[in-house]
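The values are calculated or read from the model by the stated rules, or taken from the named source; none is laboratory data. Remember, it's a predicted structure, so these values are computed and weren't measured experimentally. Glycine also receives a Cβ, built like all others from the backbone with ideal geometry; neighbour counts cover every protein chain displayed.
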Amino acid sequence: MDELKQATQRKSSIVATFKAVLWSFFGVRRRSDYEKDVNQLNPLHVIIAGIIGAICFISILIFIVKQVVAK
């Protein structure tokens, strides 16, 4: 339980969090960068960034499909 509390108290920038999430969407990540992210990023921030990223990705796909179907 202490590990979870320590993990949620990690300080990292929002840019670093979104960068890690976007790289995970792309599916390419160096092992050294992954290990650095695991030690520095707040898991709660990663979950929130992942949800926001997924919503943006789905919105872009819906927009593209609507544009293609409309023609």
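Before moving on, here are some points about what is shown:
- Identity of the residue in the stretch 24-61, touching a helix residue (DSSP H, G or I) at 6+ places or on another chain (Cβ under 6 Å) and among the charged types (D, E, K, R), that ends up farthest from I14 (Cα to Cα): R29
- Scanning the stretch 26-37 for residues being in a helix (DSSP H, G or I) and surrounded by fewer than 12 Cβ atoms within 10 Å (Cβ to Cβ) gives a total of 4.
- Residue match in the stretch 56-66 (condition: outside any helix (DSSP H, G or I) and either of a type in the set (A, V, I, L, M, F, W, C) or at pLDDT below 85 (or both)): no
- In the stretch 14-34, the residues that are modelled with pLDDT of 80 or more reach residues that are surrounded by fewer than 15 Cβ atoms within 10 Å (Cβ to Cβ) with C-beta atoms within less than 7 angstrom, at least six apart or across chains, in these pairs: W23/R29; F25/F57.
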